[in-house]
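First up is the structure itself, then whatever we jot down about it.
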């Protein structure tokens with residue numbers, strides 16, 4: 001089962017004829033270059049050899065010039081086959097390397113995205129201490145509900161990313177309103193409503209699906225089914 005650069009065989013050999021030998025070689029190594037030497041009265045084997053994929057034939061009696069010509073062609077084919085194998089191997093290694101690098105880059109992007117979400121959520125929580133657990137619950141419940149509704153996988157992934165950021169706009173609300181212990185006045189409530197617009201503006205005009213969902217949720221999470229709510233209701 002060793003690999004050889006070139007196989008040169010006669011059809012008429014003791015123990016195993018050249019056809020059987022060629023058949024076994026091609027079974028083990030379909031790309032093996034084979035030259036078969038044949039007498040005129042063995043021409044009936046040639047069709048079998050052609051069907052097996054034998055590359056070159058030389059008829060007896062041997063003509064030196066013909067033999068050297070066929071041998072040169074076979075050597076060229078062998079070199080080309082070897083170059084092709086090496087190129088294929090290099091290509092596969094390059095693809096594997098690039099795939100590994102791309103996977104690592106994508107993992108890094110996902111890690112960075114996750115950290116950005118955590119930091120932006122934390123920034124909002126610093127302004128409003130009561131929202132921390134609320135944001136985390138939304139990050140858990142929203143994708144679960146989306147799965148129950150048979151939403152596409154990319155939607156589920158996006159809403160898990162976006163939901164905790166729904167109140168990101170509270171970063172822009174004054175502390176005396178955001179942290180007020182008692183009920184807000186009508187004027188203060190109007191200011192509070194602006195956190196939806198502020199949140200949407202922070203992430204506006206992104207081409208990324210997840211960020212687009214952050215914008216949509218930040219803008220509309222206080223809207224209601226009956227058309228009331230804010231900021232559009």
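Just a few scattered comments:
- Ellipticity estimate at 222 nm from DSSP helix runs (n ≥ 4, -39,500 (n - 2.57)) divided over the chain, nearest 500: -21000 deg cm²/dmol
- Remark: 57, 161, 189 ranked as 189, 57, 161, counting other beta-carbon atoms within 10 Å and listing the fewest first.
- Estimated inter-spin distance, residue 207 and residue 150, nm [label 7 Å along Cα→Cβ]: 3.4
- Whether the range 176-233 is rounded, prolate or oblate, judged on the alpha carbon gyration tensor where a/c under 1.5 counts as rounded: oblate
- Crossing angle, helix 209-220 versus the chain [Cα axis fit, 0-90 degrees, rounded to tens]: 20
- Highest mean packing first, where packing is the average number of other Cβ atoms within 10 Å per residue, the peptides 139-150, 25-36, 78-89 line up as 25-36, 139-150, 78-89.
- Rounded, prolate or oblate (a/c below 1.5 giving rounded, otherwise prolate when a/b exceeds b/c) for the range 106-220 by Cα gyration tensor: prolate
- Choice from 22, 200, 105 showing the highest fluctuation, given a GNM over the chain with Cα pairs closer than 10 Å: 22
- Its alpha carbons give the range 11-117 an Rg and a Dmax of 24.1, 82 Å.
- Three principal axis extents of the chain based on alpha-carbon atoms, in descending order, are 112, 30, 28 Å.
- For the chain, the antiparallel share of DSSP beta bridges with both residues in that region comes to about 10%.
- Three principal axis lengths of the range 2-60 [C-alpha, angstrom, descending]: 31, 22, 16
Values quoted throughout were computed directly from the atomic coordinates according to the rules given, and no laboratory measurement underlies them. Predicted model, so just to flag it, every value in this text is computed and none were measured. Every residue, glycine as well, gets a Cβ built from its backbone with ideal geometry; the counts of neighbours run over all protein chains shown.
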